[in-house]
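For reference, the structure is listed below as structure tokens.
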Amino acid sequence: MAGKGKKKNFHNPKYYTNRELSWILFNKRVLEEARDKDHPLFERLKFLSITSSNLDEFFMIRVASLKDMVSVKYDKPDIAGLTPAEQLSRLSEETHAFVGAQYNTYQRSLLPLLEKNGLHIVQRHEQLTEKQAYFADRFFKENVYPVLTPMAVDSSRPFPLIRNKTLNIGAIVTKKGKKKEYEFATVQVPGVLNRIVELPDEGDGIRRVILLEEIIEKNIDRLFLNYNIVCAHPFRIMRNADLSIEEDDASDLLKEIEKQVKKRQWGHAIRLEVESGADERLLSILKKELDIKENAIYRILGPLDLTFLMEMYGLDGFDHLKAKPHVPAMAPEFDGETGIFDVIKKGDVLLHHPYQSFAPVVAFIERAAKDPDVLAIKQTLYRVSGNSPIIAALAEAAENGKQVSVLVELKARFDEENNIVWAKKLEQAGCHVIYGLVGLKTHCKITLVVRREEEGIVRYVHLGTGNYNDATAKLYTDLGLFTCREEIGEDATAVFNMLSGYSEPLAWNRLSLAPLWLKDKFLDLIRREKEHALMGREALIIAKINSLCDPDIISALYEASSAGVKIRLIVRGICSLKVGIPGVSENIEVRSVIGDFLEHARIFYFKNHEMPEVYLGSADWMPRNLERRVEILFPVEKEELRARIFKILECQLNDTVRSHILMPDGTYEKVDGRGKVRLDCQETCAREAARMERIRKDTARTRVFVPETKYDDR
């Protein structure tokens, strides 16, 4: 058996993949879905749009962080042995190649298919017919011109502050009638207007659209009447958006975060996108004024910012080119007649979103807000929707005199402004609002409802792997558990006491929390499986997570693998673990599932010598989750629910449609479905949820309409 003899150093950097380079591989997998001919055309547009928004966030946070490290001469290597400077060098090469692949996909694959299906994108305003040009000019005059703010740069007007992620048109201009002196001018393409403008019908059955920036560029001379336009080109910058919050020194965390969020628009520029072939004089000005190096310039062969494809996805008349809309099923436990607290009292209830409706979670809070027997509601909120029914219910509960405590995590990245608004609204309604904890993000998903009943106080708890967000619950795959088990209720109370009053219990019943004990819990569970293997027993670990880059967890998995533990991992995004290393990871397999829904659930299965344990949680196997966040891991103890979860894991592990397999050379290959039964794990989960709902409806129909077979003796 591997692992005997000389003890291996499982922290050896050559056993690890850099997390940033692994993330690039993840975005490549998403791009592969945009190239997959088996997907409907508009779904492919959506995947390409997602790769663009993913890359934006990656630059604003991860690349920006590395640049900060380099600027302060921080040169400590990461787990893969790369310094920040080395990482930046590798990433520059990878991201330039990736952007080339994005636009290759757009120009060579998707545009011709759009043409074939009756949708033509006019790429340059010079290609407009006379009739279309007249429409574009009129559209500009009536709809666009009043919104624009053209800005010239001269001795009295300094170079303007270009906002993060905005699309702009830069121009080189010369004053009319004066000596030929080149000056810079710019105008922002307004985000308040649709970027896609539909052109008049030509009567040939083809729909034609043009992008807003092309209409503005065509009419740019109207914005600078006293100038001659030498050249005009779209450009876009990305700024450092990684907030730097000194929480220990902040007397008011809410005000400090409000202040930092405003600064995000003006962070240091870290990437410049310009259209390919842009005038070098214009580029020279932008490089100088934005302090951008050559390797941070991306010359784009096509329209800048491919997220406009999500707007295109919303065009009417192309439903036949999209996937059939998914309608979540109702979990069979919720029959519409039995009260939600009575349902939970019958036994633990597991919900699988988005295959099953998120409505019971919303109803849980709404019912608690109105129920006169409910005394208190406590909840953590990390990300919520723009018009959240949960927020409205919590506010109503407070107005109804209930004790409502809500932890709103103000530091939830890119949701800070949204969460500040909700926090203020909840405070105004009379809720007790906690703004997270100093130095930690509260990422756990937990709700506690305290209810007075005949037998005494009963605590109802909801625990989840995903956010209390009714919008993303339709797009992200997550699991949630309703329970009123006394031991979990006690733990839930302890969680909120800890969050609001720094009161830690002496011991926990069922829940495990980060950053205090969760990492040790995982290491113990992995170690236990290793001990089973060393005793000759069959040992198995299955984990479904979003990211894996914690060196201690990976080292423990390597050690378990070398002892003979079979380890099957479903890792959607970053994976710093390598497979197939002799004597180290030969017993480990890794797959990534990329589908119509974003895989978000965290599931952990440990065989434990025929006494399997199943856990759900909010934490990935990353240092930030295990060491710098408040996270919760909770067991699933009802045998029937454990079996359901194992079936979900098996379904993903046997998928032949959505899965990409990590290879020993660090690349991913999509599962070769030839000769195999087609198994789409997301389709299968949707069918299973629909089947469970049908059984409930059939049972209800039988109960209502079948007469009792009882006759008298006549």
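The values are calculated or read from the model by the stated rules, or taken from the named source; none is laboratory data. None of the values given here were measured: they were computed from a predicted structure. Don't worry about glycine lacking a Cβ; one is built from the backbone with ideal geometry, like all the others, and counts go over all protein chains shown.
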Fill in: Residue list for region 299-326, filter: over 21 Å from the mean Cα position of the chain (by Cα) and in a loop (DSSP other than H, G, I, E, B)
Leu301, Gly302, Pro303, Leu304, Leu315, Asp316, Gly317, Phe318, Lys322, Lys324
Worksheet item: Can you pull out the residues in region 203-223 that are in contact with a helix residue (DSSP H, G or I) (Cβ under 8 Å, 6 or more places away or on another chain) and among the acidic types (Asp, Glu)?
Response: Glu214, Glu217
Fill in: Residue list for region 483-514, restricted to those being part of a loop (DSSP other than H, G, I, E, B), without any contact (Cβ under 8 Å) to a residue 24 or more places away in the chain and either of a type in the set (D, E, K, R) or in contact with a helix residue (DSSP H, G or I) (Cβ under 6 Å, 6 or more places away or on another chain) (or both)
Ser503, Glu504, Pro505, Trp508, Asn509
Discussion item. Looking at region 187-208, can you tell me whether even one residue there is more than 30 Å from Leu113 (Cβ to Cβ), surrounded by 20 or more Cβ atoms within 10 Å (Cβ to Cβ) and under 39 Å from the mean Cα position of the chain (by Cα)?
Written reply: yes
Worksheet item: Is it true that some residue in region 459-466 is assigned to a strand (DSSP E or B), within 25 Å of Val636 (Cβ to Cβ), among the hydroxyl-bearing types (Ser, Thr, Tyr) and within 22 Å of the chain's Cα centre (by Cα)?
Response: no
Discussion item. Only one of Ala543, Ala539, Ala533, Ala563 is outside the structural domain of Val404 (by TED's automatic domain parsing) and either within 22 Å of Glu627 (Cβ to Cβ) or touching a Pro at 6+ places or on another chain (Cβ under 9 Å) (or both). Can you tell me which?
Written reply: Ala543
Worksheet item: Does at least one position in region 434-448 carry a residue that is surrounded by fewer than 22 Cβ atoms within 10 Å (Cβ to Cβ), β-branched (Val, Ile, Thr) and closer than 16 Å to Met498 by Cβ?
Response: yes
Worksheet item: Which condition number does Val384 fail, the rest of (1) touching a helix residue (DSSP H, G or I) at 6+ places or on another chain (Cβ under 7 Å); (2) part of a loop (DSSP other than H, G, I, E, B); (3) closer than 26 Å to Leu641 by Cβ being met?
Response: (3)
Worksheet item: If we scan region 168-178, do we find a residue that is assigned by TED's automatic domain parsing to the domain that holds Glu217, of a type in the set (Lys, Arg), on the phi > 0 side of the Ramachandran plot and out of contact with any Ser or Thr (no Cβ under 9 Å at 6 or more places or on another chain)?
Response: no
Discussion item. Quick check on region 295-312. Is at least one of its residues farther than 19 Å from Leu641 by Cβ, surrounded by 20 or more Cβ atoms within 10 Å (Cβ to Cβ), free of Cβ contacts under 8 Å to residues at least 60 places away in the same chain and in contact with a helix residue (DSSP H, G or I) (Cβ under 7 Å, 6 or more places away or on another chain)?
Written reply: no
Response to the item:
Picked from region 602-645 (must be among the basic types (Lys, Arg) and either surrounded by fewer than 22 Cβ atoms within 10 Å (Cβ to Cβ) or not assigned by TED's automatic domain parsing to the domain that holds Leu569 (or both)), the residue farthest from Leu407 (Cα to Cα) is Lys607
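Among the helices (runs of 4 or more DSSP H) contained in region 13-90, which hold 3 or more residues that are among the hydroxyl-bearing types (Ser, Thr, Tyr)?
Because the criterion is at least 3 residues that are among the hydroxyl-bearing types (Ser, Thr, Tyr), the helices (runs of 4 or more DSSP H) in region 13-90 that meet it are 41-58.
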Fill in: Number of positions in region 144-178 that are among the polar types (S, T, N, Q), under 22 Å from Pro303 (Cα atoms) and in a strand (DSSP E or B)
1
Response to the item:
Lys378 vs (1) outside any helix (DSSP H, G or I); (2) of a type in the set (D, E, K, R); (3) surrounded by fewer than 21 Cβ atoms within 10 Å (Cβ to Cβ): all pass except (3)
Discussion item. Test of understanding: among Lys116, Lys141, which residue is charged (D, E, K, R), closer than 15 Å to Ile215 by Cβ and surrounded by fewer than 13 Cβ atoms within 10 Å (Cβ to Cβ)?
Written reply: Lys141
Practice prompt. Working only within region 137-166, note down all residues that are in contact with an Asp or Glu (Cβ under 8 Å, 6 or more places away or on another chain) and among the hydrophobic types (A, V, I, L, M, F, W, C).
Written response: Ala152, Val153, Phe159
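To keep it simple, each residue is scored yes or no on (1) within 23 Å of the chain's Cα centre (by Cα); (2) of a type in the set (S, T, N, Q); (3) modelled with pLDDT under 95.
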site	(1), (2), (3)
Gly3	no, no, yes
Leu21	yes, no, no
Val30	yes, no, no
Ser49	yes, yes, no
Met69	no, no, yes
Ile79	no, no, no
Leu88	no, no, no
Gly100	no, no, no
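Restricting attention to strands (runs of 3 or more DSSP E) lying wholly within region 540-646, give those where 3 or more residues are in contact with a strand residue (DSSP E or B) (Cβ under 6 Å, 6 or more places away or on another chain) and free of Cβ contacts under 8 Å to residues at least 60 places away in the same chain.
Hits in region 540-646: 566-571.
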Practice prompt. Could you please tell me which pairs satisfy a Cβ distance under 8 Å, a separation of 6+ or placement on different chains, a first residue in region 316-343 that is on the phi > 0 side of the Ramachandran plot, and a second residue that is modelled with pLDDT of 95 or more and outside any loop (DSSP other than H, G, I, E, B)?
Written response: Gly317/Arg207
Worksheet item: (1) of a type in the set (Ser, Thr, Tyr); (2) in contact with a Lys or Arg (Cβ under 9 Å, 6 or more places away or on another chain); (3) within 30 Å of Leu55 (Cα to Cα): which one isn't true of Thr174, the others all being true?
Response: (3)
